[in-house]
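Student: Below is one structure. I have some questions about it.
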Amino acid sequence: MSKHRHITVNESANVSVIQFTDEKIIDSETIQELGQELFDLIEQEQRNKIVLNFSNVEFLSSAALGKLITFDKKAKKSKAELILTNISPEIYQVFIITNLDKLFQIKDSEADALAVL
Amino acid sequence: MITFAELRMATSPLIRTVERSLPSSLAGGYIEFIQQVLSELTKLGWQQRDLFGVQMALEETISNGIRHGNKEDPNKLVHVQCRLGPNRFWAQIRDEGKGFFPDSVPDCCCAENLEAPGGRGLTLIRGFMTRVSYNECGNCITLEKRLDSGNSSTCHTRSTSPPPK
């Protein structure tokens, strides 16, 4: 049985490709658990090339953004590379409004991310 | 001078009302209420792109009211009234807390705050709504989204409008 409830992890040429299992990342319990699963990728499993694929995600709240920012900080501290991909136009608008498109490295597709990692 | 387009939008009909007093719990009860509002707007012809903005504004205002306003006190409620029309969404969200000063919230878009884990809710509400206003003490927020006017006229005033006709 997978130890992850909110993500799936696939390995592709030394890169960990993460898919979210929740379409809407809203409620506080989900966000808390999701955050811990992401943090474990770096802190427990020492993964250092990570792609977060948002193709399943239809909505996320500012609390979920907070977890992503903390994840990004942990990644930088561990010198892990992190790229976000397959973000819907609506969610991309969230990143634009909050200027987070300047903080995260964002690519259109998983293939684009794998090409630079 | 009021333009014809502004006059037409100001009188754009609001034909459905959805209201609820929600418990101060982030466990998810309020999420069902938001889904009900989105479902009503879908029946009125709203498209996914615009529903996303309404969902974001309601999610952030109600969760702010529960978390920061009522401090998750089970004896307090968050009161929400939504008025819906084919081209216009209006909502008033009031918590039972002491209120706050929106201008005192740091700008999350500044470089020095970019990595702060919190403080993005208000920016998202303003970004997706056409108009946003607060009452004097800051425990009641009024939202309005008008389709075909974009979000460029977003303004932030210190008065709370009465429910529109």
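Student: With both bridge residues required to lie in the protein assembly as shown, what share of the DSSP beta bridges run antiparallel, to the nearest 5%?
Tutor: Restricted to the protein assembly as shown, the bridges split so that about 65 percent are antiparallel.
Student: Working out 0.36 nm times the residue gap between B:GLU72 and B:ASN113, then minus their Cα-Cα distance, what length gain in nm do you get to one decimal?
Tutor: 12.1 nm
Student: Then there is this: From zero outward in steps of 5 Å, how is the percent of C-alpha pairs of the protein assembly as shown spread across the bins?
Tutor: Spelled out per bin, shortest first, that is 1, 5, 12, 16, 18, 15, 12, 9, 6, 4, 2, 0, 0, 0.
Student: What are the lysines whose alpha-carbon lies under 27 Å from the alpha-carbon of A:LYS79, with same-chain residues fewer than 8 places away excluded?
Tutor: A:LYS3, A:LYS49, A:LYS67, A:LYS102, A:LYS107
Student: If you don't mind, another one. Relative contact order of chain A: what whole-number percent is it, with Cα pairs under 8 angstrom and at least 6 residues apart?
Tutor: Relative contact order comes out at 25 percent.
Student: How large is ³J(HN,Hα) for each residue in region A:106-114, as worked out from phi by the Karplus curve 6.51 cos²θ - 1.76 cosθ + 1.60 (θ = phi - 60°), to whole Hz, x for Gly and Pro?
Tutor: In residue order, the calculated couplings are 10, 10, 5, 9, 4, 4, 4, 5, 4 Hz.
Student: Contour minus end-to-end for A:ASP101 and A:GLU43, with contour as 0.36 nm per residue of separation and end-to-end as the Cα-Cα distance?
Tutor: 18.4 nm
Student: Also, I was wondering about something else. For the protein assembly as shown, what is the calculated [θ] at 222 nm in deg cm²/dmol (nearest 500), taking -39500 (n - 2.57) for each run of four or more DSSP H residues and dividing by its residue count?
Tutor: It lands at -10500 deg cm²/dmol.
Student: Restricting the calculation to Cα positions, tell me the Rg (one decimal) and the Dmax (whole number) of region A:1-83 in Å.
Tutor: In Å, with Rg to one decimal and Dmax whole: 11.9, 34.
Student: Shifting gears a bit: Using amide H atoms built 1.01 Å from N in the peptide plane, name the residues 5+ places from B:GLY99, or on other chains, whose amide H lies under 5 Å from its own.
Tutor: Amide H neighbours of B:GLY99, under 5 Å, 5+ apart: none.
Student: For region A:86-104 and region B:88-105, what is the centre-to-centre distance using only Cα atoms, to the nearest Å?
Tutor: What the calculation gives is 25 Å, centre to centre.
Student: Please arrange A:SER28, A:SER109, B:SER24 by counting, for each residue, the other beta carbons lying within 10 Å of its beta carbon, fewest first.
Tutor: The most exposed by this proxy come first: A:SER109, A:SER28, B:SER24.
Student: Which residues' amide hydrogens lie under 5 Å from the amide hydrogen of B:ARG88, considering only partners 5 or more residues apart or on another chain, with H built in the peptide plane?
Tutor: Answer set, sorted by chain and number: B:LEU147.
Student: Figure the gain on full extension for A:LYS73 and A:ASN56 (residue separation times 0.36 nm, minus the Cα-Cα span) and round it to one decimal in nm.
Tutor: Full-extension gain reported as 3.8 nm.
Student: Binned at 10 Å from 0, what are the whole-percent values of the Cα-Cα distance distribution for region B:15-157, short to long?
Tutor: 12, 43, 35, 10, 0
Student: Restricting to bridges with both residues inside region A:7-116, how much of the DSSP beta-bridge set is antiparallel, in percent to the nearest 5?
Tutor: Working: 6 of 20 bridges.
Percentage antiparallel, nearest 5: 30.
Coordinate-derived values only; no laboratory data. Here the structure is a predicted model, which is why all the values come from computation and not from measurement. Don't worry about glycine lacking a Cβ; one is built from the backbone with ideal geometry, like all the others, and counts go over all protein chains shown.
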